[in-house]
Amino acid sequence: MNIWRGCSKAGAHFLAGLLPLSGEYLNWSKHSLLGAMALELADVIKSRITVLIGEFGSGKTELAANLALGLARGGKPTAVVDLDIVKPYFRTRENRATLERCGLTVVAPENRLANADLPIMPDNLPRVLGDEKFFVVIDVGGGEGAIVLGRLRKELAKAQVLMVVNTYRPFTSSVQDILAAERRLSESSRLKIAGFISNSNLGPATEEHHIREGFRILEAASAVSGLPVLFVAVPPWIGNPIAGISCPVLTIQIHTRYPWMERD
């Protein structure tokens, strides 16, 4: 289960997608610290369609699964879209059976083409993008893989585009690198990035200080770019609160199985 921290129980349920996205939780008193924090978190998903872009290894696939599952648990018809046409591993389509069992509609190339690294648009993509009843989370390939979004510019005109940043990856390890990547991804996707998600981690070796340092770097990039850091993603073994983190924290569950996680 996804756990949103930094807000009251009702706010946590709302943001994890366990309750419907209604106005009931958007009208909390701004004089309440918890209410204000929940209101800030509620603002994370501002559009029916959310697009996650970022450099290779930023963690888009895991975040896409967590956000989509949260929406689905709230009773919202939700689709997670795999537009990773760049690399053959660690894509949403590898989790297809698990995600579908959880009630998600998985939009990806048909099974016989699942491992083809070709610019293939899934057949049912237009249906979920055009159906107003669907909430949609799109997982886009790393780096220049974002160029595929240019073909969907019209359909994604009202989408919210978020850049996932892991400062322990080569292309986003410094403020300058993050700013350059943001410009590059904006240009290749032909879409405007609305904000950052801090997802700095070293996989199972991640400790609290790694998350804190990654956030510090991304916060500096945010100050220069003017793009907000919407939340910080952390693995389930990290405790709360995290000293030095000034924005909401999302505990994500690990759904993707990597080869080095499998035992002989």
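Which links in K133/K158; K76/K192; K76/K154; K46/K192 stretch past 19 Å when you go from one Cα to the other? Table pairs above 19 Å Cα-Cα are K76/K192; K76/K154.
According to the Cα-based calculation, Rg over Rh for the stretch 44-255 is 0.94, with Rh computed by the Kirkwood formula.
Quick note: the coordinates plus some simple rules give every number you see, no bench work behind them. Predicted model only: the values in this text are computed from it and were never measured.
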